[in-house]
Amino acid sequence: MNALLKDPMFDFKPEGSPQMLIYENLARSRRLEAEQAAHARRLVRRLSAAKRWQRVSQWAARRADRATATL
């Protein structure tokens, strides 16, 4: 069931004990933290890969310039 539903005719009554709800909230917050950390790591990897490919492309351009200069 969706607890965010704003229908006044809908009463959200969570099932389970309050202790279980605390564990569910803890698990949910840990999952969200893990997702945020994974997102940050993906951004770092993308940035480092972009820098690496830029260096490779600059090296290839210099090599191509040297090769055409010798012709």
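Once label points are set 7 Å from the Cα along Cα→Cβ at both residue 67 and residue 41, what is their separation, rounded to one decimal in nm?
Taking the simple label geometry, residue 67 and residue 41 are separated by 3.8 nm.
Can you pull the one-decimal nm distance between simple spin-label points at residue 32 and residue 57, each 7 Å off the Cα toward Cβ?
Those two pseudo-labels are separated by 3.8 nm.
Taken together, the values in this text are just the output of simple stated rules run on the coordinates, not laboratory data. A quick note: this is a predicted structure, and the numbers were derived from the prediction, not measured. So basically every Cβ, Gly included, is an ideal-geometry build from the backbone, and we count neighbours across all protein chains shown.
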